[in-house]
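Asker: Before we start, here is the structure in question, set down as structure tokens.
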């Protein structure tokens, strides 16, 4: 029994406890809806406690990561080979094989059950646990039919989302990513509030499936084009990963010694290893062009023709790789763009959000939208870094910017409060997308933090709407007015959440929005995309206050004006009920707390942000050798410690052990 | 105690008051809800005076002590340590935001002014708001308001400043919308928040531009230091200054974003006093004063600032000429007086920055007294008149409200700039700065001469509309509206004491701190590091040929005084009967233009609000189009299916035919391919 083993088991429990809870709730449901509801609340509250303990244990690792490698280093991996030797050392890999591509299964490429925690997903897992707990509470009083199966599906969804966040195997990620569709379909189609719920559910599933099939193609493309590089003479895998600063300063001879045109080895599905492979193949293509250029420069007239031919060939193969990468980038982005959604791929969203029950809408905007943005940081940026530099901001940043403005305008014109919240979510996510593609530490830290903050504020908006939905028949803003006088406490919390959502300082969104804006002011990004995106993002914040405060004015100010009550003849009950207070007050408190003390979360994110920014810096140098890295204090990047059998028996060797000529 | 600790103590006191007030209300001590705020403000004022003394004796304070907060692996999982460096708020990559405070003459003076005036306003409020429904809510937000303003004034970090900046915006939103059931209050609150936020878009972008140009520092002092060593390009500086000014224009209600301030009258009257005198609107003036090291480097922007101030002052004064709502007159006069401050700020760089900035801050200082006094006085009138504030409905209140009358008269005289009152000295310094800039500036001299003319004209108009309001309210035969009932009476003592105290300030503050101390105020302010730096960069760019120490200019003072007396005489001639005078026919259109606020609100409604709303509706419609487009694409597979479906018709012969045809084509293909 090592610490490693215990932690791994805890992670597995956090991931799959909801499935067990689903079964228990179904059983309890036989005793009646009340029993199901109680069980569900108990189960999800327990899950929050489990996650909190995982959080606390993870906190111990945060400041110990001073030496970073260019690949993700998932901690707390179940099946970590380090466990076997009782050594309590993280090897950042796993032994657990799901499906091997060859019968002997030892050295062959295999899909692994590779889950773990790092700075990118730990916060999102915490958010997931918390928001599903609140979703269960929101379901109380808004879900009347078959609550047991509703909660069971909700828990199934939780497991799928958690699995996607925790996966470090690209196929495993995709499986969990797609598995989320099944519970979502039933949750919208069966418990939806509107008449067109089945239509909305079908549209949602087909649309996202359509997008994510492209992602599958992209994933296959990534796996096939980035096998483990094999050294031409030693026939062993080899890697050479200097920092961007090192790349810029090291002489070309050194690079010549370090890079060979490797042979493709076995394919791998492990995201950390794929990251290394991508970087290695990109570098080899880059350096073969450089070598050819050098040789051409040194060539005597006699050798000139051959050297020119060599250069042409090297350039050709590099541009081929790049064009392939371009399509892979687009294919990968397709699924994520639909999931987030980025305008104009958002048209499934009004229907799905409008028809789904509030608890589900809340989970969708708080958690499921993050699957898309998470996919970008986990898959797209590390696996197609060059394309992210070339097309990230110009294409998807622009789409994000259009989305910020467009969705904000749509939100203003909405009279249905639920759709207003939905469009506001799209607008914020547009900003998040821009921030992600800033591709530097500020932008990535800010975006990952914003995933959490947006989860809290957007989720909180729907929790607030649940308050109204329990009391009144409609969420049409025109039928409300002057609620401040009637529900002062509700008004107070609503204003706090609204302020957090428009990014007022001292509340959570401010911090992440400022970081994302800072990311856009990186001179390298300015060179690519100019100041336009930053200006649009800032205007988006203004528009957010415009529609939010217009809504506040309409609903809370002025003389009292109420729609018909939800239950006939019974006037709505009083101000915030204790049961309603838990999610509302907890979210408001988190908004304030994370606004005032965001640094612990940023410390958690920091290693991954530095790592991703480091990878992108390398890509920037490959694209433009003059693009010097901007950070004064360079992170110490080291090759990952030897990771035995992480990729099915192939031991990665670093080029620091100088490859023989 | 060092002044940094004192400053933190002030912030803590105010935060404590903010948190304590709602608790008091919760435990049934609602009638004492005013105590935390008043006590905290009072204590803060005392502490602020201590800071002032400390800064005067020992110079600016060093780095702010703070806490470090780290995640740890052992219980309690968080490390808290006291240290000498400021606390980090958040940091990622190159963006590091700390709780660092700048304690120097500029911030100390503002801190003392804010807390002192706020104390009396809070005391007045205790009487004025007595028995109101949201008594505790009012004082909670008041405390938060002053807290945010103090944070704004003390911050050395741009993002901390921004936090205070947005914080005062929020509090003004909540206080203007205090009577939430009143639709006009709700509209005014939203307008105030959104219009100032419009300016904040520019402010935030300007901060980031300075951040990236200023060596990725977020502390103002560090940025200025970096820029002094590594000058940024002229274009960057111009853009950054214009963007910062954009924020200042929104907060300090200058053209074109001044429209929110007059509407902000919808809140309780003491709130107006707070917004107009001590907090909120002075933020923009303070920002430009603090950023003077970079503003002095871009003469183009400075000329723009000056002209903006001049035009705003003139326009607001013009509108104030005909308003019949007493509070509205005062509101437009605030806009106009802020314009004066910006005129002075705009001359920094054309003349010695320390003199220009001192003129603006000195006017801010004196203005805080007499404007708070005037608003509280109008509140006292409103209190007596049963909530009526339309000057057409009452007159001749001299006898009825003797204390209010006397103090209001002092306020009016100070605002009009009658000699020896505080407003006179500060307005004179501004006029002198403009006059000086018009004579000696290297660039845009004609602009300063023009603005000087505008300022003189505006000074005359100020005296006219101020005394118009005074005569209409207090002179003539006594007339009281029905709402006041039969027992209209002078306000209780708790409201009169603040009036008297502020009146004393309005009478003597200017004389005492500047004239009797041989320009002590200006000289003390000039010791602010930022202003010193502005002075250095001014001296580097100019052959200093102009007089560079504060002085009193008799001819300019004479012109200003003449303008003030002309305005006063005009008001006396027209309104001494306490009634609106008939206008000659030729003046009617001008009168209507002024009365309808030059139709600016309507113009904005038509040019900005409506188009954006139209765009919003359009977007919503377009979203439907997008959706049908997606649906159309989803029909394509079905379309294919529809095309292919007839093939599967169940007729064996048809299938056979298909097979034969297919085979034939295949055979032909093979034959021809092979034979070639």
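Asker: Does residue B:203 satisfy the criteria of being surrounded by 22 or more Cβ atoms within 10 Å (Cβ to Cβ), at the interface with chain A (Cβ under 9 Å from one of its Cβ atoms) and in a helix (DSSP H, G or I)?
Answerer: So residue B:203 does not fit the description; no.
Asker: (1) under 22 Å from residue A:602 (Cα atoms); (2) out of contact with any strand residue (DSSP E or B) (no Cβ under 9 Å at 6 or more places or on another chain): which one isn't true of residue A:519, the others all being true?
Answerer: Every listed condition holds for residue A:519 apart from (2).
Asker: Let me ask you something else. Please pick out the residue among B:247, B:169, B:235 that is away from chain A (no Cβ under 11 Å), touching a residue at least 60 places away in the same chain (Cβ under 8 Å), part of a helix (DSSP H, G or I) and over 19 Å from residue B:531 (Cα atoms).
Answerer: Matching residue, one of B:247, B:169, B:235: B:247.
Okay, residues lined up against (1) under 30 Å from residue A:427 (Cα atoms); (2) not in a loop (DSSP other than H, G, I, E, B):
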{"residue": "A:261", "(1), (2)": "no, no"}
{"residue": "A:279", "(1), (2)": "no, yes"}
{"residue": "A:297", "(1), (2)": "no, yes"}
{"residue": "A:302", "(1), (2)": "no, yes"}
{"residue": "A:324", "(1), (2)": "no, yes"}
{"residue": "A:334", "(1), (2)": "yes, yes"}
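Let's see how each residue does on (1) without any contact (Cβ under 8 Å) to a residue 24 or more places away in the chain; (2) farther than 26 Å from residue A:349 by Cβ; (3) more than 41 Å from the chain's Cα centre (by Cα):
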residue: B:598; (1), (2), (3): no, yes, no
residue: B:615; (1), (2), (3): yes, no, no
residue: B:629; (1), (2), (3): yes, no, yes
residue: B:634; (1), (2), (3): yes, no, yes
residue: B:638; (1), (2), (3): yes, no, yes
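Asker: Only residues that are at the interface with chain A (Cβ under 8 Å from one of its Cβ atoms) and more than 16 Å from residue A:481 (Cα to Cα): list them for segment B:190-200, please.
Answerer: The answer is B:193, B:194, B:197, B:198, B:200.
Asker: Considering only residues of segment B:389-412 that are surrounded by fewer than 19 Cβ atoms within 10 Å (Cβ to Cβ) and under 18 Å from residue B:331 (Cβ atoms), which is farthest from the chain's Cα centre (by Cα)?
Answerer: B:392
Residue-wise test of (1) away from every other protein chain (no Cβ under 14 Å); (2) surrounded by fewer than 18 Cβ atoms within 10 Å (Cβ to Cβ).
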site: B:3; (1), (2): yes, no
site: B:16; (1), (2): yes, yes
site: B:26; (1), (2): no, yes
site: B:54; (1), (2): yes, no
site: B:90; (1), (2): no, no
site: B:96; (1), (2): no, yes
site: B:117; (1), (2): yes, no
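Asker: Looking at B:219, B:156 in this structure, which one is over 25 Å from residue B:264 (Cβ atoms), modelled with pLDDT of 90 or more, more than 10 Å from every other protein chain (Cβ to nearest Cβ) and out of contact with any helix residue (DSSP H, G or I) (no Cβ under 6 Å at 6 or more places or on another chain)?
Answerer: Step by step, each of B:219, B:156 is checked, and only B:219 is over 25 Å from residue B:264 (Cβ atoms), modelled with pLDDT of 90 or more, more than 10 Å from every other protein chain (Cβ to nearest Cβ) and out of contact with any helix residue (DSSP H, G or I) (no Cβ under 6 Å at 6 or more places or on another chain).
Asker: Among the numbered criteria (1) in contact with a strand residue (DSSP E or B) (Cβ under 7 Å, 6 or more places away or on another chain); (2) within 12 Å of chain A (Cβ to nearest Cβ), which one does residue B:22 miss?
Answerer: The single condition residue B:22 does not satisfy is (1).
Asker: Now for a different question. Take the conditions in contact with a strand residue (DSSP E or B) (Cβ under 8 Å, 6 or more places away or on another chain) and surrounded by fewer than 19 Cβ atoms within 10 Å (Cβ to Cβ) and apply them to residue A:237. Does it pass?
Answerer: no
Asker: Now, a different point. Out of the residues in segment B:175-184 that are part of a helix (DSSP H, G or I) and surrounded by 23 or more Cβ atoms within 10 Å (Cβ to Cβ), which is nearest to the other protein chains (Cβ to nearest Cβ)?
Answerer: Filtering first and then ranking leaves B:176.
Asker: Go through segment A:416-520 and tell me which helices (runs of 4 or more DSSP H), entirely inside it, have 3 or more residues that are more than 14 Å from every other protein chain (Cβ to nearest Cβ).
Answerer: A:417-436, A:441-471
Asker: Could you pull out the residue among A:563, A:559 that is touching a residue at least 40 places away in the same chain (Cβ under 8 Å), farther than 20 Å from residue B:166 by Cβ, facing chain B (nearest Cβ under 10 Å) and not in a helix (DSSP H, G or I)?
Answerer: A:559
Asker: Right, here's the next one. Where residues in segment B:61-88 are crowded, with 21+ Cβ neighbours inside 10 Å and modelled with pLDDT under 85, which of them is nearest to the other protein chains (Cβ to nearest Cβ)?
Answerer: Ranking the candidates gives B:66 first.
Asker: Still on this structure: When you go through A:601, A:612 one by one, which is the residue that is within 14 Å of chain B (Cβ to nearest Cβ), at pLDDT 90 or above and within 16 Å of residue A:387 (Cα to Cα)?
Answerer: Just one listed residue meets the conditions, A:612.
Asker: If you don't mind, there's one more thing I want to ask. Which count do you get for residues in segment A:521-542 that are more than 8 Å from every other protein chain (Cβ to nearest Cβ), surrounded by fewer than 24 Cβ atoms within 10 Å (Cβ to Cβ) and closer than 30 Å to residue A:477 by Cβ?
Answerer: Summing the residues that are more than 8 Å from every other protein chain (Cβ to nearest Cβ), surrounded by fewer than 24 Cβ atoms within 10 Å (Cβ to Cβ) and closer than 30 Å to residue A:477 by Cβ in segment A:521-542 gives 1.
Asker: Oh, and also: Name the one entry in B:512, B:463 that is out of contact with any strand residue (DSSP E or B) (no Cβ under 6 Å at 6 or more places or on another chain), buried (at least 23 other Cβ atoms within 10 Å of the Cβ) and in a helix (DSSP H, G or I).
Answerer: B:463
Asker: Looking at A:45, A:22, can you tell me which residue is touching a residue at least 40 places away in the same chain (Cβ under 8 Å), crowded, with 19+ Cβ neighbours inside 10 Å, more than 14 Å from every other protein chain (Cβ to nearest Cβ) and closer than 18 Å to residue A:154 by Cβ?
Answerer: A:22
The values are calculated or read from the model by the stated rules, or taken from the named source; none is laboratory data. Computed from a prediction, not measured in an experiment: that's the story for all the values here. Methodologically, a virtual Cβ is constructed for each residue, glycine included, from the backbone with ideal geometry; neighbour enumeration extends over all protein chains shown.
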